[in-house]
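The values are calculated or read from the model by the stated rules, or taken from the named source; none is laboratory data. Computed from a prediction, not measured in an experiment: that's the story for all the values here. Counting neighbours? That spans all protein chains shown, and the Cβs are built from the backbone with ideal geometry, glycine included.
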Amino acid sequence: MFARNQTQLMLPQDNVIASFLCKKLGHNHLRIAGEYWHIEKLVALQCMMLKEAPNLQEGLLWWSKSVSLFDRRLYVTFQHGDAQIHLQVECRTADMPNWAESVFGLLKMQLEMLELSESIQVQVQASNPLAADIFLGETRDSKTSSSVFDLVKHVYLLLSHQPIEQPELLSVLNALFIKNSNYALKLEQAARQLGVSKRTLQRRLQEKQMSYSQCVDFAKRKQAITLLADTQLTTQQIAYQLGYEEPSNFHRTFRRWYPFSPMQYRQQCLDNRTQLNQQPIRLYYAKANTFDDNHIDQPVGKIWMEVDNIAFEKVVSVECRDRDGAWRRYPAFFERFLSHGTELWATTELPVAHPLTFRLCYEVDGERYIENNHQRDYVVSKGLLIGAAEYIVPTRQLINIGAQYTLFIELACRLENVARIDCYADDDPTPHAMRLTQHSLHYACWVLQLSLTQTAKQCRFRLYDESGNELAKEHYPIQYPIVQPLN
């Protein structure tokens with residue numbers, strides 16, 4: 001949107017001011033109106049405000065307005081007299097972010113770089129780093145507002161009316177682990193490197209219904225499948241990179257994550273490449289949780305999506321309407337292969353607004369694809385929302401009771417004329433009839449509870465109409481993995 005003018009606002013790549021602020025913020029970019037903006041560009045925008053303003057007072061006024069671009073929670077009040085200005089950092093929420101205490105340190109560095117520190121004296125009380133008294137000395141003569149200053153103000157006003165997202169917390173932590181090559185990083189160490197307090201980091205994780213250990217686990221999982229798919233490293237080398245002392249520990253953990261071994265995953269990646277589809281990401285299904293008025297802070301649901309395996313390196317996520325009305329991005333994670341060239345990805349339980357309102361996002365090879373239900377967004381208030389698949393099998397659980405096993409399966413089908421569904425466990429040719437339990441407007445639910453004398457690894461289904469004609473013969477996947485009982 002503003003690419004034509006961005007080069008005029010760039011500072012040197014080794015700009016110490018941007019490095020200082022990135023460390024305080026805990027990230028080096030923001031997403032504004034869907035585009036990535038490096039913090040360096042916003043720092044340059046502020047410097048241009050101070051440099052090109054018709055007078056110092058005008059420059060400081062617009063500089064104070066621009067602080068909110070870095071963090072929507074913050075704003076700076078501006079009170080002025082003839083030769084003195086009082087600035088105060090305020091917060092729209094109860095929890096003032098740690099980096100707020102660095103706002104006036106940022107201003108001092110910018111004034112020094114622009115050689116304005118002799119004309120403007122900034123006094124910050126040690127007891128209150130959120131307030132500053134600014135004294136204007138021998139100031140430059142007022143000048144006519146330049147076209148550059150008008151442009152900078154215009155860019156600021158455009159940016160201020162756009163949605164601004166801070167980097168997704170899981171992505172920031174994942175980058176931190178990779179940068180340090182250290183998945184044993186303690187919570188306190190991670191918080192320190194992100195420039196926030198331990199308490200703030202814990203609170204941000206709790207807002208996403210996650211723990212720090214889960215973040216480490218997700219980061220290891222993501223890096224493991226990336227290294228297996230994108231490199232020729234041995235599983236032993238990958239295990240060491242992820243912090244495992246013994247490769248066998250990595251193998252056991254990987255089998256806990258997925259129903260296949262690391263080498264099986266690598267081979268499947270090689271075998272399952274596909275060509276670019278017009279829409280390479282599609283809704284598989286979404287579920288909305290049921291809760292009463294006393295549990296409004298609980299996660300509202302979860303989303304699964306089909307993803308074409310165009311390339312190994314890809315970013316899959318969802319954008320959801322949050323409880324404050326803003327749209328925010330939440331990551332998705334690889335679950336398993338659905339068919340040749342198609343993968344299943346899923347989010348965690350999402351702590352967003354009810355009803356669950358979302359769109360799907362897929363970034364690969366520099367391209368970004370959005371699936372937003374033909375610009376209407378997806379909305380699910382209760383139960384399930386099934387995408388393009390004829391049916392889904394959300395529950396495939398094996399339960400161990402003594403020496404016996406019970407297989408419990410739930411299937412949801414959106415086809416209207418289904419009269420019978422047979423289930424087959426492993427290679428057993430004997431069909432087991434499923435029972436229709438619920439019929440809603442958009443789908444019907446079928447269940448099966450089957451006693452077994454031994455474990456079963458996978459199951460498949462055949463659907464028929466009243467005349468015995470088989471339905472959904474092109475459906476994929478053919479086989480569904482069964483979730484094994486905990487040992």
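Looking at the range 17-62, which of the residues that are acidic (Asp, Glu) and assigned to a helix (DSSP H, G or I) is surrounded by the fewest Cβ atoms within 10 Å (Cβ to Cβ)?
GLU58
Name the residues in the range 86-106 that are closer than 16 Å to LEU61 by Cα and touching a strand residue (DSSP E or B) at 6+ places or on another chain (Cβ under 6 Å), would you?
HIS86, LEU87, GLN88, VAL89, GLU90, VAL103, PHE104
When the residues of the range 180-208 are narrowed to those that are among the basic types (Lys, Arg) and part of a helix (DSSP H, G or I), which ends up farthest from GLN298 (Cα to Cα)?
Result: ARG192.
Regarding VAL447, is this residue hydrophobic (A, V, I, L, M, F, W, C), in a strand (DSSP E or B), in contact with a Lys or Arg (Cβ under 6 Å, 6 or more places away or on another chain) and closer than 24 Å to VAL380 by Cα?
So VAL447 passes the test.
Given the structure, is TYR265 in the same structural domain as ALA184 (by TED's automatic domain parsing) and surrounded by fewer than 18 Cβ atoms within 10 Å (Cβ to Cβ)?
no
Would you please list the contacts, defined by Cβ atoms under 9 Å and residues six or more apart or on different chains, that run from a residue in the range 42-65 that is more than 13 Å from VAL155 (Cβ to Cβ) to a residue that is charged (D, E, K, R) and assigned to a helix (DSSP H, G or I)?
Close Cβ pairs satisfying both conditions: GLY59/LYS51; GLY59/GLU52.
Can you go through TYR378, TYR405, TYR369 and tell me which one is in the same structural domain as LYS473 (by TED's automatic domain parsing) and surrounded by 14 or more Cβ atoms within 10 Å (Cβ to Cβ)?
TYR405
Return the residue satisfying two criteria in turn: it lies in the range 468-480 and is in a strand (DSSP E or B) and buried (at least 16 other Cβ atoms within 10 Å of the Cβ), and of such residues it is farthest from the chain's Cα centre (by Cα).
LEU471
Taking the range 76-94, which residues are surrounded by 12 or more Cβ atoms within 10 Å (Cβ to Cβ) and under 23 Å from ARG192 (Cα atoms)?
If the condition is that a residue be surrounded by 12 or more Cβ atoms within 10 Å (Cβ to Cβ) and under 23 Å from ARG192 (Cα atoms), then VAL89, CYS91 are the ones that fit.
Has the range 214-224 got at least one residue that is modelled with pLDDT of 85 or more and in contact with a strand residue (DSSP E or B) (Cβ under 8 Å, 6 or more places away or on another chain)?
Taking every residue of the range 214-224 in turn, at least one turns out to be modelled with pLDDT of 85 or more and in contact with a strand residue (DSSP E or B) (Cβ under 8 Å, 6 or more places away or on another chain).
Conditions (1) under 26 Å from CYS215 (Cα atoms); (2) under 13 Å from the mean Cα position of the chain (by Cα), marked per residue:
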| position | (1), (2) |
| --- | --- |
| ARG323 | yes, no |
| GLU349 | yes, yes |
| ARG376 | no, no |
| GLN397 | yes, no |
| ASN400 | no, no |
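Could you look through the range 420-467, keep only residues that are within 18 Å of ALA389 (Cα to Cα), among the aliphatic types (A, V, I, L, M) and in contact (Cβ under 8 Å) with a residue 40 or more places away in the chain, and pick out the one that is surrounded by the most Cβ atoms within 10 Å (Cβ to Cβ)?
ILE421
State which residue pairs qualify: first residue over 20 Å from PHE20 (Cα atoms) and inside the range 176-202, second residue β-branched (Val, Ile, Thr) in any location, beta carbons under 7 Å apart, and separation of 6 or more residues or different chains.
Going by the 7 Å Cβ cut-off, the qualifying pairs are TYR183/VAL216.
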